[in-house]
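Working notes, structure below.
The values are calculated or read from the model by the stated rules, or taken from the named source; none is laboratory data. Everything numeric here is computed off the predicted structure, so don't read it as measured data. Here the Cβ positions follow ideal geometry from the backbone for every residue, glycine too, while neighbour counts run over all protein chains shown. To get the accessible areas, we keep the full protein, side chains included, count just its heavy atoms, and leave off ligands, DNA and RNA. Shrake-Rupley method; radii C 1.70, N 1.55, O 1.52, S 1.80 Å.
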Amino acid sequence: MTIFDVCASFDVGGKYVGCRELSTGNINSTYQVEYLRDGEKKFYIVQRINTHVFHKPIELMDNIVRVTKYVHDKIKDDGFSTKKFVLHVFKTKEGDKPYFVDDEGGYWRCYRYIPNSETFDSCDDLEKIKRVGQAFGRFEKYLDGFDAASLHIPLPDFHNTPKRFDALQVAINADVCGRASKLKPELDRLFALKEEACLLQKHLDNGDIPLRVTHNDTKCNNVAFDKNTGEALAVLDLDTVMPGAVAYDFGDAIRFIANTREEDDPDVDNVGLDLNKYEAFTAGFIGEMKNSLTDLEKETINLGVLTMTVELAVRFMTDYLNGDIYFKTRYPGHNFVRARNQLALAEDVYKKRNEMQNILDKYVKE
Ligand SMILES: Nc1ncnc2c1ncn2[C@@H]1O[C@H](COP(=O)(O)OP(=O)(O)OP(=O)(O)O)[C@@H](O)[C@H]1O
Ligand SMILES: [Mg+2]
């Protein structure tokens, strides 16, 4: 089965010209495909869904179709370009399905390529960080009102922090590699943050904060930018769209974008939260969606930064204790280095919580 055959199954008009594999994605196999229609070049994205990670591709596509349709209608009402600002899912010619199953049982989908766009794997420029914030803030804003509980859950308990701590405790008790005793200082520091990091889940469980549609992979390379103007366009990569707290997306984006060091830098003394980057993202994100936030969301959205960072430290530590079976590692101890890095970031976030809240309040009131 060739990419040509896969494309031919979708209802895209014109003549197939060729394709190239995009190497940026880690999860799926992604191809940019060129077509010619009425003498004009048209570009599409064809992706093979990674069913090792996402076991229920049909449910996952159902989420994506519903969410993109909802956002599409909101953008249209606002008078903006739907081609630029939201993914468009093509259906198959036969059966009108948003996915195509190949001879080997592989699941494929086809999107319109966001016109004249590019993505960036890293993002240091404050203006660009603000625009990443705008894109994700807009996504959440447009999905305000969507019945999040009706979505399928591709990764159950993904951000259930108490359960992540439970798994860590199980790994400590089992101690299959005999590593637990050496980790005591770091484990003590992690457990010291447990109560604070589990508060968000409590608020969700009690219904104090609304269950929203969340993206759950708020990295900068999941935002398309206009190649000419630098404007942030559509949010990409909707596989992990699930019900959750807005603080998940806000928190995980900050965790990723505002660390002064790379996520696996062993130089933990220099790991911390860059408040300028925090402010840039906050300006974009809160600027877009502040009117949708409840009072308690405004009070707890920063808690997401601590929660997401602690949670990832817990996951790296758990995997280290279990013998490095989940995350890909490049050297022995890689997971421990990552865990210490995230722990250092979490402690700095905790230290800076008042400064963060002052910055947030400024943009909430603006
Ligand atoms: N509709 C689109 N328009 C333009 N570019 C796209 C589109 N969809 C995907 N891309 C490009 O392909 C890359 C990979 O796509 P995507 O993020 O969906 O795959 P992934 O394997 O889940 O990636 P990762 O795990 O790295 O987030 C994007 O970062 C972007 O550069
Ligand atoms: Mg991606």
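Some points to look at:
- Hits in the range 15-70 - residues which are more than 14 Å from ligand 1 (Cβ to nearest atom) and in a loop (DSSP other than H, G, I, E, B): 38, 39, 55, 56
- Residue within the range 326-336 that is assigned by TED's automatic domain parsing to the domain that holds residue 261, without any contact (Cβ under 8 Å) to a residue 12 or more places away in the chain, more than 18 Å from the chain's Cα centre (by Cα) and closer than 17 Å to residue 167 by Cβ present: yes
- Filter pass, residue 78 being surrounded by fewer than 17 Cβ atoms within 10 Å (Cβ to Cβ) and either aromatic (Phe, Trp, Tyr) or closer than 21 Å to residue 240 by Cβ (or both): no
- Restricted to the range 248-366, the set of helices (runs of 4 or more DSSP H) holding at least 3 residues that are open to solvent by 40 Å² or more (accessible area, probe 1.4 Å) comprises 275-289, 295-300, 334-351, 353-365.
- Residues being surrounded by 14 or more Cβ atoms within 10 Å (Cβ to Cβ), touching a His at 6+ places or on another chain (Cβ under 9 Å) and at pLDDT 95 or above are represented in the range 127-136 by at least one member.
- Pairs, first not assigned by TED's automatic domain parsing to the domain that holds residue 81 and within 11 Å of ligand 1 (Cβ to nearest atom) in the range 218-232, second open to solvent by less than 20 Å² (accessible area, probe 1.4 Å) and β-branched (Val, Ile, Thr), C-beta under 7 Å, six or more apart: 220/132; 220/257; 222/235; 223/132; 223/235; 224/114
- All of 282, 318, 294, 307 fail the test of being among the polar types (S, T, N, Q) and touching a Phe, Trp or Tyr at 6+ places or on another chain (Cβ under 7 Å), apart from 282.
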